[in-house]
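Undergrad: Dropping the structure in here first, questions after.
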Ligand code: SF4
Ligand code: SF4
């Protein structure tokens, strides 16, 4: 299946979304990413039972941390799909890209550019 | 183990508002196990602080190091050559660790980054239940292994009080009555006579600073040998 999704999305593969840590998402934002999202299996179908549920909790936590720090929490999101849903994957990538475009660039990366 | 909770971010930002170069010291023992102050949590806090201060156009340089145990001098030694490069040191250890840091480096301000909440057991990932308040007069032997100091809202030694309500404590129907649980367990073990024995009220041995020397470990004063 050849599917197109926005080229600005960089994929980081993990064995299970349960592997994604709060620090990974936070650091992505610290280093200037405009947004970050996790795509996990459908809830209730995790091979490791609750990896995607743990990820959801962590995403929720990161969203709160970002708000505390002074960034929009909604720059980080969680999506779920089943492994056979390529088109849904592409649709989520598009949705997230559009959503982030609305929010604008990460103010931290602008500050870094200004400092350089 | 000792459990603690990260302090609210706003409180932390306030404590550090005057500093530009800070060292964050994590502890690899209890607070790492209870996910409050180990290496990972040091990284998360430092990342947050870095971002928040940059956004305020008041950057802070914050480094992190996690040592094996902050309540042990042996492990603090590795910080000796480092701390003087910083304006302040923050600690993610329990209150004991923070005090040990402050004592070893009296020349430098030390700030706590967690609130130490007690002695607890791990019930599930990230979930801790307090089980002991280190009263220094353990009564678990007479209470069937259930701690009335911790689990009873009044901490009484001769319960239940008049508020016991079909197994719940009067403070909340969701809160089991410790003395009801104690009764049930003692009954099962055929030891109900324990509950009839009156016990002297607690001496509040935990209200003054305590030191503990285990038998066989007392240091002999050379003067006493003469
Ligand atoms: S009786 Fe005292 S020492 Fe024993 S578990 Fe309770 S608080 Fe801890
Ligand atoms: S109801 Fe039970 S647990 Fe609550 S204060 Fe009274 S004796 Fe303690």
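The values are calculated or read from the model by the stated rules, or taken from the named source; none is laboratory data. Predicted model, so just to flag it, every value in this text is computed and none were measured. Cβ sites come from the backbone with ideal geometry, for glycine too, and all protein chains shown count toward neighbours.
Undergrad: So how many residues does the stretch A:92-116 have that are without any contact (Cβ under 8 Å) to a residue 60 or more places away in the chain, facing chain B (nearest Cβ under 10 Å) and surrounded by 14 or more Cβ atoms within 10 Å (Cβ to Cβ)?
TA: So the answer is 2.
Undergrad: Right, another one. Does residue A:3 count as touching a strand residue (DSSP E or B) at 6+ places or on another chain (Cβ under 7 Å), touching a residue at least 24 places away in the same chain (Cβ under 8 Å) and surrounded by fewer than 20 Cβ atoms within 10 Å (Cβ to Cβ)?
TA: So residue A:3 does not fit the description; no.
Undergrad: I'm checking my understanding of the structure. Among residues of the stretch A:65-77 that are part of a helix (DSSP H, G or I) and more than 14 Å from the chain's Cα centre (by Cα), which one is farthest from the other protein chains (Cβ to nearest Cβ)?
TA: Of everything passing the filter in the stretch A:65-77, A:67 is farthest from the other protein chains (Cβ to nearest Cβ).
Undergrad: Right, next: Considering only the stretch B:3-75, give the helices (runs of 4 or more DSSP H) lying wholly within it that have at least 3 residues that are facing another protein chain (nearest Cβ under 9 Å).
TA: Fully inside the stretch B:3-75 and qualifying: B:9-15, B:39-55.
Undergrad: Which condition breaks for residue A:32 when tested against (1) part of a loop (DSSP other than H, G, I, E, B); (2) touching a helix residue (DSSP H, G or I) at 6+ places or on another chain (Cβ under 7 Å); (3) at negative phi?
TA: All conditions pass for residue A:32, except number (3).
Undergrad: Turning to a different aspect of this structure: Count, please, the residues in the stretch B:80-104 that happen to be outside any loop (DSSP other than H, G, I, E, B) and in contact with a strand residue (DSSP E or B) (Cβ under 7 Å, 6 or more places away or on another chain).
TA: Residues in the stretch B:80-104 being outside any loop (DSSP other than H, G, I, E, B) and in contact with a strand residue (DSSP E or B) (Cβ under 7 Å, 6 or more places away or on another chain): 10 in total.
Undergrad: Residue check: is residue B:122 within 19 Å of the chain's Cα centre (by Cα) and either surrounded by fewer than 16 Cβ atoms within 10 Å (Cβ to Cβ) or within 24 Å of residue B:3 (Cβ to Cβ) (or both)?
TA: Yes, satisfied.
Residues checked against (1) under 26 Å from residue B:27 (Cβ atoms); (2) at pLDDT 90 or above:
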position	(1), (2)
B:114	yes, yes
B:181	no, yes
B:202	no, no
B:217	yes, no
B:221	no, no
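Undergrad: Now, a different point. Looking only at the stretch B:103-156, count how many residues are away from ligand 1 (no atom under 15 Å from the Cβ) and at negative phi.
TA: Number of matching residues: 20.
Undergrad: Looking at the stretch B:160-191, which of the residues that are more than 27 Å from the chain's Cα centre (by Cα) and within 16 Å of ligand 1 (Cβ to nearest atom) is nearest to the other protein chains (Cβ to nearest Cβ)?
TA: For the stretch B:160-191, the residue satisfying everything is B:185.
Undergrad: Same structure, new question: Look through the stretch B:104-131, keep the residues that are free of Cβ contacts under 8 Å to residues at least 24 places away in the same chain and within 16 Å of ligand 2 (Cβ to nearest atom), and return whichever of them is farthest from the other protein chains (Cβ to nearest Cβ).
TA: Checking each candidate, the answer is B:131.
Undergrad: Within the stretch A:78-89, identify whether any single residue is surrounded by 14 or more Cβ atoms within 10 Å (Cβ to Cβ) and within 14 Å of chain B (Cβ to nearest Cβ), and answer yes or no.
TA: No.
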